[in-house]
Amino acid sequence: MKLVFAGTPEVAVPALDALIASGRHEVAAVVTRPDAPAGRGRRLVASPVAERAEEAGIEVLKPVKPRDEDFLARLREIGPDACPVVAYGALLPRVALDVPAHGWVNLHFSLLPAWRGAAPVQHAIMAGDEITGASTFLIEEGLDSGPVYGTVTEEIRRTDTSGDLLTRLAFAGAGLLVATMDGIEDGTLKAVPQPADGVSLAPKISVENAHVDWSVPALRVDRMVRGCTPAPGAWTVFRGERLKLIHTTPVPERTDLAPGELSVAKNNVYAGTGSYAVELLWVQAQGKKPMRAADWARGVRIASGERLGA
């Protein structure tokens, strides 16, 4: 089939690579978000998908909005059979959805109808799910509500951050997306409506949402840290300044600390929660680089009884 691929961040690149390498389908163009300011100089930088497409010699379309007339006219001119989508980052209007004969097929990183929305991987980890996966579905105007073509499953490991899990899902999902395109072309794959039961939502997690509450159990604190790593980053307050929490681990044998209370040993830093303690392994103080928590604690000279939290 002739395809127009839509995607923006690094997590979408494996799927684009897989479609290019398939040899069966032609990626005629790529749709991505416009260049955005990045770095200290805030210079405009192309998206990872745009950079990969340009390396491959594929036409890149960067509409400000996907309802822009110039973009729609070019899309109709290309005449794609289908438009595979991975983390494009903009809502597609009906006028765009109607262009390809087989529609826009989204690769979503959850087992739908669970975790519809912008942050499915983060929410799955924070909720304590043991299994997640990826789904391909036909985009409708509702939020991730279209009929599903296929799924792959993935175990959530005890130490997974959202970055770890998303990387594995990006590669597993890339294979699923290629297989979905093959099945659509063959006519052997039909989309099945999502069940009405089991719907859960995964809205984008803001920085404020990532503020750690030390009164909750240790497992919830650890899931918050893992789910918010690398973005937006779980954080707490120490001596009136934000402290980013990068890596923690629960320590069931330490039950002697009040919520947020710190305890420092030679090479270990513990913080109390609503159940048992967590060990702080890596942190990032405001204006500093990430560092081992033990090094941070030596530098700030934590006093007995000092606590994390507002």
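The values are calculated or read from the model by the stated rules, or taken from the named source; none is laboratory data. Everything numeric here is computed off the predicted structure, so don't read it as measured data. Cβ placement follows ideal geometry from the backbone for every residue including glycine, while neighbour counts extend to all protein chains displayed. Note: accessible area is taken over every heavy atom of the protein model, side chains too, but ligands, DNA and RNA are not part of it. Shrake-Rupley method; radii C 1.70, N 1.55, O 1.52, S 1.80 Å.
Quick one: which residue in ALA294, ALA310 is aliphatic (A, V, I, L, M), open to solvent by 50 Å² or more (accessible area, probe 1.4 Å), in contact (Cβ under 8 Å) with a residue 24 or more places away in the chain and at negative phi?
ALA310
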Q: Scan GLY128, GLY133 and give me the residue that is open to solvent by less than 50 Å² (accessible area, probe 1.4 Å) and free of Cβ contacts under 8 Å to residues at least 40 places away in the same chain.
A: GLY133
Q: Residue by residue through segment 52-62, note down the ones that are aliphatic (A, V, I, L, M), closer than 11 Å to ASP17 by Cα and surrounded by 16 or more Cβ atoms within 10 Å (Cβ to Cβ).
A: ALA53
Q | Residues satisfying the stated conditions in segment 114-131, i.e. more than 17 Å from ARG158 (Cβ to Cβ) and in a loop (DSSP other than H, G, I, E, B) | A | ALA114, TRP115, GLY117, ALA118, ALA119
(Q) Among the residues of segment 228-244, what is the count of those that are more than 15 Å from VAL300 (Cβ to Cβ) and surrounded by 12 or more Cβ atoms within 10 Å (Cβ to Cβ)? (A) 7
(Q) Only one of GLU154, GLU77, GLU141, GLU54 is free of Cβ contacts under 8 Å to residues at least 40 places away in the same chain and outside any helix (DSSP H, G or I). Can you tell me which? (A) GLU154
Q) Which residues, counting only those in segment 274-310, are out of contact with any Leu (no Cβ under 8 Å at 6 or more places or on another chain) and of a type in the set (Val, Ile, Thr)? A) VAL278, VAL300
Q.
Restricting to segment 167-193, and then to whatever is open to solvent by 50 Å² or more (accessible area, probe 1.4 Å) and out of contact with any strand residue (DSSP E or B) (no Cβ under 7 Å at 6 or more places or on another chain), can you tell me which residue is nearest to ILE20 (Cα to Cα)?
A. PHE171
Q: Go through segment 261-289 residue by residue and tally those that are open to solvent by less than 70 Å² (accessible area, probe 1.4 Å) and modelled with pLDDT of 95 or more.
A: 20
Q: Working only within segment 7-51, note down all residues that are part of a strand (DSSP E or B) and either touching a helix residue (DSSP H, G or I) at 6+ places or on another chain (Cβ under 7 Å) or open to solvent by 30 Å² or more (accessible area, probe 1.4 Å) (or both).
A: GLY7, GLU26, VAL27, ALA28, ALA29, VAL30, ALA36, PRO37, ALA38, ARG43, LEU44, VAL45
Q. Is it the case that some residue within segment 281-298 is among the basic types (Lys, Arg), under 22 Å from ALA124 (Cα atoms) and not in a loop (DSSP other than H, G, I, E, B)?
A. no
Q. How many of the residues making up segment 157-189 are of a type outside the set (D, E, K, R) and without any contact (Cβ under 8 Å) to a residue 60 or more places away in the chain?
A. 7
(Q) Suppose the filter is part of a loop (DSSP other than H, G, I, E, B) and touching a residue at least 40 places away in the same chain (Cβ under 8 Å); does PRO100 pass it? (A) yes
Q.
Being open to solvent by less than 20 Å² (accessible area, probe 1.4 Å) and assigned to a helix (DSSP H, G or I) is the requirement here; does THR248 meet it?
A. no
Q.
Considering only segment 208-227, I want to know if a residue exists there that is free of Cβ contacts under 8 Å to residues at least 12 places away in the same chain, open to solvent by 30 Å² or more (accessible area, probe 1.4 Å), of a type in the set (Asp, Glu) and not in a loop (DSSP other than H, G, I, E, B).
A. yes
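Regarding LEU169, is this residue part of a helix (DSSP H, G or I) and touching a Leu at 6+ places or on another chain (Cβ under 6 Å)?
Spelling it out, it is not the case that LEU169 is part of a helix (DSSP H, G or I) and touching a Leu at 6+ places or on another chain (Cβ under 6 Å).
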**Q.** Residue pairs meeting the criteria (Cβ under 9 Å; at least 6 apart or on separate chains; first free of Cβ contacts under 8 Å to residues at least 24 places away in the same chain, in segment 16-42; second open to solvent by less than 70 Å² (accessible area, probe 1.4 Å) and among the polar types (S, T, N, Q))
**A.** ALA36/SER47
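Conditions tested, residue by residue: (1) assigned to a loop (DSSP other than H, G, I, E, B); (2) over 13 Å from LYS2 (Cα atoms).
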residue: VAL60; (1), (2): no, yes
residue: LYS65; (1), (2): yes, yes
residue: PHE71; (1), (2): no, yes
residue: CYS83; (1), (2): no, no
residue: VAL95; (1), (2): no, yes
residue: VAL105; (1), (2): no, yes
residue: SER110; (1), (2): yes, yes
